[in-house]
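K.L.:
Provided herewith is a single structure, encoded as structure tokens, for subsequent inquiry.
The values are calculated or read from the model by the stated rules, or taken from the named source; none is laboratory data. Please read all numbers here as calculations on a predicted model, not as lab measurements. For neighbour counting, all protein chains shown are included, and Cβ atoms are generated from backbone atoms with ideal geometry for every residue, glycine included. With ligands, DNA and RNA removed, areas are computed over all heavy atoms of the protein, side chains included. Shrake-Rupley method; radii C 1.70, N 1.55, O 1.52, S 1.80 Å.
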Amino acid sequence: MADDPLRIFQQTKLQLNRVWDLLYGHQRPQQRRELFTTAGYLFAMLAWMTSDLGHRAQAETHARAALLCADNADDPGLHAWVCSTRSKLAFWDGQFRQAIQHAQHGAAYQAPGTVAVLLHCQLADAWAEAGARAQALIAIGQAEDAAALDRSSTLHDQVGGLFSCQTGRHANYSAAVHLRTGSASNALSHADRGLAALQQQRVRAYGTEAQLHITRAGAQLLARDPEGVLDAIAPVLALPTEHRTAPVRRRLRDLARDTAASPMGDSAAGLRLQDAVETAVREAARALSPGIATSAWINDHD
């Protein structure tokens, strides 16, 4: 990825317009399928972006266009990533059953690369949010199996970046699922593994990193360690407002809610955390214009 994420967002829209213009012309069948594949990934990327900016209807429109492109391209890999995109949209809209169905549909394509890892992670995430602990843990185990299979394969992701699920991203889902299913030690272990993996990446993944810190804070809350909660959340509160995108703000609010309902809710540390989170969320919501939020989104895509 380039260093200027806003330029990437603008270029995505420009490239999609160029591809769509080409599709109005005449090509050989194979060239036309390749154009539909390219358009499909671009539409899926725009769906992720607009979802994180809070434009749900627009995101759904982009996702449906991506699905149409996948049908025309007859590309199982694109189909799987579109299903992952639709699962993501449903999850953040609170439609966990739909998120599960989209992830299961995507896994059925048995596409190469890391998409199977992400789909099983999304399945686990949705099951955990729905309160189905056993199903969530089974899905996390399936994600581990898919990751091991991918490591032993010579096949790689066709696109990469957003359309890839490497160790840091995988660990973020695993840590969150273990936290929701009540295992503070497993949540901490996976969060630390994810943060270590992200340090090796060339481009900083602010959103994934922030969510891993929030999960660490949640694990400390589960362990009833007030000072540990404050220490774990400090890197997130120190982030510039443009990197506190919608998923990060949602997870921060969840942490504040859980803190308020916990034994430390009325303690000095608990009240400090709740006030700090409220301020951080309010500042980000006020400061993030569509242009700024979009520039931050590129590395904040979970």
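K.L.:
Check GLN58 against each of (1) crowded, with 22+ Cβ neighbours inside 10 Å; (2) polar (S, T, N, Q); (3) modelled with pLDDT under 95 and name the one condition it does not meet.
P.N.:
Condition (1) is where GLN58 drops out.
K.L.:
Within the range 121-131, identify whether any single residue is under 21 Å from THR37 (Cβ atoms), in contact (Cβ under 8 Å) with a residue 24 or more places away in the chain, surrounded by 24 or more Cβ atoms within 10 Å (Cβ to Cβ) and in contact with a His (Cβ under 7 Å, 6 or more places away or on another chain), and answer yes or no. Spell out the reasoning first.
P.N.:
Looking only at the range 121-131, we keep the residues that are under 21 Å from THR37 (Cβ atoms), and these are none.
No, the range 121-131 contains no residue that is under 21 Å from THR37 (Cβ atoms), in contact (Cβ under 8 Å) with a residue 24 or more places away in the chain, surrounded by 24 or more Cβ atoms within 10 Å (Cβ to Cβ) and in contact with a His (Cβ under 7 Å, 6 or more places away or on another chain).
K.L.:
When the residues of the range 253-270 are narrowed to those that are in a helix (DSSP H, G or I) and open to solvent by 40 Å² or more (accessible area, probe 1.4 Å), which ends up farthest from GLY182 (Cα to Cα)?
P.N.:
Once the filter is applied, the top-ranked residue is ALA268.
Rundown of residues vs (1) under 28 Å from LEU53 (Cα atoms); (2) surrounded by fewer than 24 Cβ atoms within 10 Å (Cβ to Cβ), yes/no style:
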position: VAL177; (1), (2): yes, no
position: THR181; (1), (2): no, yes
position: SER185; (1), (2): no, yes
position: LEU188; (1), (2): no, yes
position: GLN211; (1), (2): yes, no
position: GLN220; (1), (2): no, yes
position: LEU237; (1), (2): yes, yes
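K.L.:
Same structure again: Filter the range 148-168 for residues that are part of a helix (DSSP H, G or I), closer than 24 Å to ALA210 by Cβ and either touching a Cys at 6+ places or on another chain (Cβ under 8 Å) or open to solvent by 40 Å² or more (accessible area, probe 1.4 Å) (or both) and give the result.
P.N.:
Matches in the range 148-168: THR167 only.
K.L.:
Further question on the same structure: Please pick out the residue among PHE96, PHE36, PHE9 that is closer than 20 Å to ALA107 by Cα, open to solvent by 10 Å² or more (accessible area, probe 1.4 Å) and of a type outside the set (D, E, K, R).
P.N.:
Exactly one residue qualifies, and that residue is PHE96.
K.L.:
Here's another thing I want to ask about it. Being more than 30 Å from ASP266 (Cα to Cα) and either surrounded by fewer than 24 Cβ atoms within 10 Å (Cβ to Cβ) or free of Cβ contacts under 8 Å to residues at least 24 places away in the same chain (or both) is the filter here; which residues of the range 191-204 pass it? Before the answer, list the steps.
P.N.:
Residues of the range 191-204 that are more than 30 Å from ASP266 (Cα to Cα), as a first pass: 193-204.
Within the range 191-204, ARG193, LEU195, ALA196, ALA197, LEU198, GLN199, GLN200, GLN201, ARG202, VAL203, ARG204 meet the criteria.
K.L.:
Take the residues in the range 115-161 that are of a type in the set (S, T, N, Q) and at pLDDT below 95; name whichever of them is farthest from PHE9 (Cα to Cα).
P.N.:
SER152
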